[in-house]
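Report on the following structure.
The values are calculated or read from the model by the stated rules, or taken from the named source; none is laboratory data. On a predicted model such as this, the values are computed, not experimentally measured, just so you know. Note that we place each Cβ from the backbone using ideal geometry, even for glycine, and neighbour counts take in every protein chain shown.
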There are 4 protein chains.
Amino acid sequence: MALMKAAVFVEKNRIVLEDRPIPDIGPLDALVRITTTTICGTDVHILRGEYPVARGLTVGHEPVGVIEKLGSQVQGFREGQRVIAGAITPSGHSYACLCGCASQDGAGTVHGFKAIGGWKFGNLIDGCQAEYVRVPDAMANLAPIPDRLSDEQVLMCPDIMSTGFSGAQRGGVSVGDSVAVFALGPIGLCAVAGARLLGATTIIGVDTVAARISVARQLGADHVVDFQQGNVVEQIMALTDGRGVDVAIEALGTQGTFESALRVLRPGGTLSSLGVYSADLSIPLGPFAAGLGDYRIVTTLCPGGKERMRRLMAVVASGRVDVSPLVTHRFGLDDIEAAYELFAHQRDGVMKVAITP
Amino acid sequence: MALMKAAVFVEKNRIVLEDRPIPDIGPLDALVRITTTTICGTDVHILRGEYPVARGLTVGHEPVGVIEKLGSQVQGFREGQRVIAGAITPSGHSYACLCGCASQDGAGTVHGFKAIGGWKFGNLIDGCQAEYVRVPDAMANLAPIPDRLSDEQVLMCPDIMSTGFSGAQRGGVSVGDSVAVFALGPIGLCAVAGARLLGATTIIGVDTVAARISVARQLGADHVVDFQQGNVVEQIMALTDGRGVDVAIEALGTQGTFESALRVLRPGGTLSSLGVYSADLSIPLGPFAAGLGDYRIVTTLCPGGKERMRRLMAVVASGRVDVSPLVTHRFGLDDIEAAYELFAHQRDGVMKVAITP
Amino acid sequence: MALMKAAVFVEKNRIVLEDRPIPDIGPLDALVRITTTTICGTDVHILRGEYPVARGLTVGHEPVGVIEKLGSQVQGFREGQRVIAGAITPSGHSYACLCGCASQDGAGTVHGFKAIGGWKFGNLIDGCQAEYVRVPDAMANLAPIPDRLSDEQVLMCPDIMSTGFSGAQRGGVSVGDSVAVFALGPIGLCAVAGARLLGATTIIGVDTVAARISVARQLGADHVVDFQQGNVVEQIMALTDGRGVDVAIEALGTQGTFESALRVLRPGGTLSSLGVYSADLSIPLGPFAAGLGDYRIVTTLCPGGKERMRRLMAVVASGRVDVSPLVTHRFGLDDIEAAYELFAHQRDGVMKVAITP
Amino acid sequence: MALMKAAVFVEKNRIVLEDRPIPDIGPLDALVRITTTTICGTDVHILRGEYPVARGLTVGHEPVGVIEKLGSQVQGFREGQRVIAGAITPSGHSYACLCGCASQDGAGTVHGFKAIGGWKFGNLIDGCQAEYVRVPDAMANLAPIPDRLSDEQVLMCPDIMSTGFSGAQRGGVSVGDSVAVFALGPIGLCAVAGARLLGATTIIGVDTVAARISVARQLGADHVVDFQQGNVVEQIMALTDGRGVDVAIEALGTQGTFESALRVLRPGGTLSSLGVYSADLSIPLGPFAAGLGDYRIVTTLCPGGKERMRRLMAVVASGRVDVSPLVTHRFGLDDIEAAYELFAHQRDGVMKVAITP
């Protein structure tokens, strides 16, 4: 049995590089040899035991690689092709997929949540912080990389860009909108880029870290509000002449950012929530207009599937958005434990790391 | 100065029939002689001092009547025409109106809420529980009543049908959906009718009052869950084979109903909230899937304007929906204090009262 | 090699019942034993050589049956289950499917048309006017029949209801709309039912055959305009007080009906086209308002997939729509040539036939 | 009676600068002193007698100016304010406006067309190629110009940008789309900019004039196809790897461009038509997939109203789109006849002219 290196969740606070069997694949699967991957904030939640996965699971859900082997029933691809797959891997044939809600593919309750079934890599099945990964439902999920794009150029597509952009898309951002983005981590930065891509004309980022603010401006933020320099809500209301924003995007997952997002909405506006929360949320009565404000609150799980990936790579290939400033550090897979150490503690101005087996 | 009778908010717990001047009208207004009106749950909140309006304000926002006089600039109508106007009276020319959010017409903060500006009758200006009412922006708001419809047949259009139907419409109810409606007061009953009108095939009402349950079945409920007969969430999950509903409509305005509505949603489903809340709401983490469930929470303020009223009256005229069972009691305007007494205490199986000056 | 009876396109004007091998199935397929099927207007086009299919192909695309055998990779179903499959069988994993356009699944040009790739049964692969049919991509397409529904009750779901309803759905029919449906064959009748199901309040059918007009009224038409009794456009304009209809549904496939549909639209209205045309169409300049009328013209290929079928069967099961009057004649498979003879010539008031092997 | 200079349609081929009375205004109107305006291709149709307006009408529908006087009932503006108004001036209170179709405001047939009622300036009432113009329904239509923007910077907003952008918006352009724009006149160029603003990643312009092609590239075209250098359809299919475009925008108004737009659509794509046609159109059967291609054909009349203008000026103010290269020539109002001469014959590389009284 051939072995490979893989980053495995052993127990709380221990993700360890171990030898694991190279995955077997079934008729509908593909085996992809990973050439580049990365670590997500969600992986840090797993590391800390805040999000429950099975002990012994290989983690990671952002694969860039080369098709090593195709299942017997997989058509339309060839071995040796460079591909990515989304963090969420819809089957294509579930009721959820056929109902326009592909991220919620998969039946039944997952880890006590009744949703999130479409997230498989590093959650329900072995993930891609490894030399190889098994991609389920390969025909729906393998997305060929345009020749002229490097691994790093497409590394943000599987999760960060897909999630961040969908914050703007599900929020219904349209031409001439004002948009506020709360927290400028990688997801929030991509939400800024997404709002820009959809025609927003006043984009306000909220953060306090200089490096993130700088990247936000590169990606399209017109204003940045520093939450350490006065009241965020007041600053945003002032920037919009008291009108409030059309769309407020929450990209952190806390009560404070959620509530501020609600407070800066114009009547009839949309709160688009991307954060992964870890506690009950409170909706304050006044900002909610007692239920009469024609508000919408929308949440999104990262859209996946090869068509989504194709479109995101087209955004990169066309030069519309340049997310390369997000990759601040690079590690070999052998050093992934050090990469976790750096990333989990947000040291040295890290935004995203590139891991190369 | 000619006088008329009007129901006036005097102080907490006192709405009194008084003599008031017949309103003057400006060039864009109409004076409507009220022939029928009704009392809304919101009026009871006003009576109890739970929703703040100015002392001395004439209350009521559901007018049916006859055009007595038209402002000098009003075209397209004639005096003597039978009309209704919506509870919400958009101007047509505000940024909110031109942006597709007409209910939020009107600038600035209202009673400490930053929204709700489109609700004028009995809130910002004198209302229609009176012999006459001034209708602002008459060209946008006067809606001629088809000849063959009686006052009572259209009495639910200005608020109850418009609000209830929009619960289903903003919720995105579509063909083959499962829909749960929490609380079968007049608004909830119209939400049932609205869900039916939009093609839902499994409509589940939640209440415990026999008369309401009976009307819910007439209006299209396939199932009714009695919250006094076991766990509501479990019953609804069982009725949907464990799948949950596509759309859950909240029509009461409490934490309990809001939370149950969230708990019965399928992944990717929509919680459409119609209730007027009186306290902060809590979103429980698990049913919210930590923010990853692709859920939408939408709120609605009763859509108004003459086109909305025209369509709702067409629903009645076509026989698609028969809301006549909702009117359970009738009073003269002179007896409106008794009507409030009955309605506020929900005595004698009252659903809606018809008040005729 | 086991044989079965199948209706095969031999040559122009000859569809013949022949012995054919029972289909082999691959890992993703299912073999379904047909218990009921029907003949579609499109099959008549095939018969007449007006729509090109390969000689020797088994025709028919409306299967009701029982799962005889499942491919090795098919999960979630069991042999012996009663199922239908849509006329269009999307794979679930194509770019078209993942892009929200599942009916156009499949690559490349089909019969000289660059579209229509999702229509496989009786077009690209052997169809279901036979004792058995191979269902491709079974996990996306097999739809279990609720126990209490008979074969005939669900026989309209695979094509007629799905196509007719989508005429109303893609047309954007909403509450209070006026809708005209041009031609009341089975598809047009289902468009009437669909418009009713979506809240239209003035539904005008156009035809001249008494039996069809009678069924149209049962399914929800408020008015029927007989095109042999005066000018259709004038009659519809009169019925809508000169305003025109919000949505006009074309359900025949001719220049006359297409053009009349355009002529009765209100400014900003939608022409929803369901017909299969056999010649170039002309858009007259005046009714098209020289391109400035904010019109939409939308076309639809019957939506398929198990979720669509599930929803349509829910419509039947809930009693919302009763399409049983559409089945006017019944034949054994052995008599299918006689059924074609009757149906192709529209003899004896036939609407749809039920064929039972 | 005070007089002003105005460009008046006298008869076919004669638009003449004449003395005319400065308009009176009613209570809902505003009088705007024109500081800059321009000539539209539609004005040339009027000049040539191809589009019928009344003799003696002042032409022009793209006003930039200063509020000279407000009607007695107009609130929210002040005299001396710099404003624009859209080419289309919806009332805000019509059924069409309240139904989401404001451009079709106004009742009845206009010049033999049943639509186009929202276009008033230089069509139904005196236009703005003059020293003063009366703006009807001023509260819905006056849009204050941000201080830092010059007249020329906002001169494209009333018509060219609004129409061009809506070609992309009504076409449903979304992230990662391929879009082809047929004809790169001012409207087509703004359609290119609009497609870019909405996230299209492959934008293909079609024209042959070098100057227009150059501006198209500045505004976001990734490719330009020269229709004099080979078959347009083949070139576009090649540029999209045989897939076709998601959205094809027609911006000329001819059979050739309309038909090519249809031929390059992917199955399920949208043809967004902006051109003003002068003859019946033909839809060829094959490219239309006999009606089964899930195609949409949408048409648009320039959206107006102050909210639309506010958003377009925000696009300019934010630097998202720079349409200044469109203004190639400048004239005083006294020289407007020379400006017509130049513009009507498309001499000297003219795209748009700025006219300043």
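Every condition in (1) of a type in the set (S, T, N, Q); (2) surrounded by fewer than 24 Cβ atoms within 10 Å (Cβ to Cβ); (3) within 14 Å of chain B (Cβ to nearest Cβ) holds for C:SER150 except the one numbered (3). In the stretch D:85-104 there is at least one residue that is buried (at least 24 other Cβ atoms within 10 Å of the Cβ), touching a helix residue (DSSP H, G or I) at 6+ places or on another chain (Cβ under 6 Å), more than 14 Å from chain B (Cβ to nearest Cβ) and modelled with pLDDT of 95 or more.
For the stretch D:182-191, does any single residue satisfy the condition of being touching a residue at least 60 places away in the same chain (Cβ under 8 Å) and within 14 Å of chain A (Cβ to nearest Cβ)? Looking for residues that are touching a residue at least 60 places away in the same chain (Cβ under 8 Å) and within 14 Å of chain A (Cβ to nearest Cβ), one finds at least one in the stretch D:182-191, hence yes. If you filter the stretch A:16-51 down to residues that are surrounded by fewer than 21 Cβ atoms within 10 Å (Cβ to Cβ), among the small types (Gly, Ala, Ser) and in contact with a Gly (Cβ under 9 Å, 6 or more places away or on another chain), you find that the one that is farthest from A:VAL353 (Cα to Cα) is A:GLY26. Residues of the stretch D:33-49 that are of a type in the set (A, V, I, L, M) and outside any helix (DSSP H, G or I): D:ILE34, D:ILE39. Considering only the stretch B:267-278, state which residues are within 7 Å of chain A (Cβ to nearest Cβ) and closer than 19 Å to B:ARG170 by Cβ. Selection gives B:GLY268, B:SER273, B:GLY275, B:VAL276, B:TYR277. Listed here are the strands (runs of 3 or more DSSP E) enclosed by the stretch A:178-259 that have at least 1 residues being farther than 13 Å from A:LEU274 by Cβ and out of contact with any Gly (no Cβ under 9 Å at 6 or more places or on another chain): A:202-207, A:223-226. Kindly provide the set of residues from the stretch B:124-138 that are crowded, with 24+ Cβ neighbours inside 10 Å and either aliphatic (A, V, I, L, M) or at pLDDT below 95 (or both), ordered by number. Those that are crowded, with 24+ Cβ neighbours inside 10 Å and either aliphatic (A, V, I, L, M) or at pLDDT below 95 (or both): B:ALA130, B:VAL133, B:VAL135, B:ALA138. Pairing residues of the stretch C:13-38 that are within 14 Å of chain A (Cβ to nearest Cβ) with residues that are assigned to a loop (DSSP other than H, G, I, E, B) and of a type in the set (Val, Ile, Thr), at Cβ distances under 7 Å and at least 6 apart in sequence or on separate chains, gives C:LEU28/C:VAL74; C:ALA30/C:VAL74. Taken together, the criteria exclude B:ASP222 from residues that are within 14 Å of chain C (Cβ to nearest Cβ) and modelled with pLDDT under 95. Taking strands (runs of 3 or more DSSP E) as the structural unit, those lying wholly within the stretch B:52-148 and holding at least 1 residues that are over 23 Å from A:ALA289 (Cβ atoms), under 19 Å from the mean Cα position of the chain (by Cα) and of a type in the set (Gly, Ala, Ser) correspond to B:64-70. Just a yes or no: is a residue in the stretch B:253-266 closer than 25 Å to A:LEU252 by Cα, within 14 Å of chain C (Cβ to nearest Cβ), crowded, with 21+ Cβ neighbours inside 10 Å and modelled with pLDDT under 95? Yes, the stretch B:253-266 contains at least one residue that is closer than 25 Å to A:LEU252 by Cα, within 14 Å of chain C (Cβ to nearest Cβ), crowded, with 21+ Cβ neighbours inside 10 Å and modelled with pLDDT under 95. Of all residues in the stretch B:318-342, those being under 30 Å from C:GLY199 (Cβ atoms) and among the hydrophobic types (A, V, I, L, M, F, W, C) number 4.
The residues in the stretch D:1-42 that are at pLDDT below 95 and under 24 Å from D:GLY185 (Cα atoms) can be counted, and the count is 2. Scanning the stretch A:227-251 for residues being within 24 Å of B:ALA96 (Cα to Cα) and without any contact (Cβ under 8 Å) to a residue 12 or more places away in the chain gives a total of 5. Of the strands (runs of 3 or more DSSP E) lying entirely inside the stretch C:279-357, the ones with 1 or more residues being within 21 Å of the chain's Cα centre (by Cα) and either within 22 Å of C:CYS157 (Cβ to Cβ) or more than 7 Å from every other protein chain (Cβ to nearest Cβ) (or both) are found at C:296-299, C:327-332, C:352-356. Does A:GLU250 fit the bill of being surrounded by fewer than 24 Cβ atoms within 10 Å (Cβ to Cβ) and more than 7 Å from every other protein chain (Cβ to nearest Cβ)? So A:GLU250 fails the test. Here the stretch C:105-121 is the region considered, the condition is being within 14 Å of another protein chain (Cβ to nearest Cβ) and either within 18 Å of C:MET309 (Cβ to Cβ) or in contact with a Lys or Arg (Cβ under 7 Å, 6 or more places away or on another chain) (or both), and the residue that is modelled with the highest pLDDT is C:LYS120.
Condition check: modelled with pLDDT under 95, closer than 25 Å to C:ALA180 by Cβ and surrounded by fewer than 18 Cβ atoms within 10 Å (Cβ to Cβ). Does C:ARG243 satisfy that? Against the criterion (modelled with pLDDT under 95, closer than 25 Å to C:ALA180 by Cβ and surrounded by fewer than 18 Cβ atoms within 10 Å (Cβ to Cβ)), C:ARG243 qualifies. Would you confirm whether any residue within the stretch A:61-68 is at pLDDT 95 or above, in contact with a Leu (Cβ under 8 Å, 6 or more places away or on another chain), among the small types (Gly, Ala, Ser) and surrounded by 22 or more Cβ atoms within 10 Å (Cβ to Cβ)? Within the stretch A:61-68, not a single residue is at pLDDT 95 or above, in contact with a Leu (Cβ under 8 Å, 6 or more places away or on another chain), among the small types (Gly, Ala, Ser) and surrounded by 22 or more Cβ atoms within 10 Å (Cβ to Cβ).
Among the residues of the stretch D:15-31, those identified as over 25 Å from D:THR328 (Cβ atoms) and outside any loop (DSSP other than H, G, I, E, B) are D:GLU18, D:ASP19, D:ARG20, D:PRO21, D:ALA30, D:LEU31.
Residues of the stretch D:192-226 that are under 19 Å from D:PHE258 (Cα atoms), buried (at least 17 other Cβ atoms within 10 Å of the Cβ) and either in contact (Cβ under 8 Å) with a residue 60 or more places away in the chain or over 17 Å from the mean Cα position of the chain (by Cα) (or both): D:ILE203, D:ILE204, D:GLY205, D:VAL206, D:ASP207, D:VAL224, D:VAL225. Take the residues in the stretch D:162-175 that are buried (at least 24 other Cβ atoms within 10 Å of the Cβ) and touching a Gly at 6+ places or on another chain (Cβ under 8 Å), then tell me which one is farthest from D:PHE258 (Cα to Cα). Filtering the stretch D:162-175 for residues that are buried (at least 24 other Cβ atoms within 10 Å of the Cβ) and touching a Gly at 6+ places or on another chain (Cβ under 8 Å), the one farthest from D:PHE258 (Cα to Cα) comes out as D:SER162.
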